[in-house]
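The values are calculated or read from the model by the stated rules, or taken from the named source; none is laboratory data. Being a predicted model, the structure only gives us computed values, none of them experimental. Remember, those area values only see protein heavy atoms, side chains included, never the ligands or the DNA or RNA. Shrake-Rupley method; radii C 1.70, N 1.55, O 1.52, S 1.80 Å.
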Amino acid sequence: MTDGPLLRVVKRVARWRFYADLSVHRALRRARGERPYLIQAGLAVWYLPTLRRAFLWWQRRVNGFALVSRDPGTRVFVFNCTHFDRATRACDSYDSRPGMCRDYPRNLLDQPNPEMLPGCGYRPVARNAAALLRALESASVRGDTLVRLKKDLHLEK
């Protein structure tokens, strides 16, 4: 299901707004000395039915995300993307994809243990990977322990 011209324009405007919000949000977090994180739906969207319906409509109609489930404990909506073709492993609306797709996996990289989606080609590498590798080498860590630490600490691609 490819996007028509009108939907592409709507998505482009939404993407500009997303990037503006994301830039402001990240700048505020940097100013407070915090790292960026994935922005989740707020309390109002979760508890107010009208806002929730509007949010879900937007995700379905504009972004092409079909609601699969919801988790009330964490206030998380789980979606499937209707633009992702599992056979070719490609997005049929790549040039007009939503901001959250463009920001993936960067939005996960500052988590303590980022987990990419199955099949994702990205691999997280710790910002201080070189220093950690030198420290492991100077501590004479070898063998299976070194391999496990490199994997668990995200020290290699």
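Quick one: in region 54-70, which of the residues that are of a type outside the set (A, V, I, L, M, F, W, C) and open to solvent by 70 Å² or more (accessible area, probe 1.4 Å) is farthest from the chain's Cα centre (by Cα)? So, considering only residues that are of a type outside the set (A, V, I, L, M, F, W, C) and open to solvent by 70 Å² or more (accessible area, probe 1.4 Å), the one farthest from the chain's Cα centre (by Cα) is Arg61.
Scan region 87-105 for residues that are part of a helix (DSSP H, G or I) and open to solvent by 20 Å² or more (accessible area, probe 1.4 Å) and the total you get is 5. Residues in region 57-80 that are among the β-branched types (Val, Ile, Thr) and at pLDDT 85 or above: Val62 alone. Looking across region 31-48, the residues that are at pLDDT 80 or above and open to solvent by 60 Å² or more (accessible area, probe 1.4 Å) come down to Leu43, Tyr47, Leu48.
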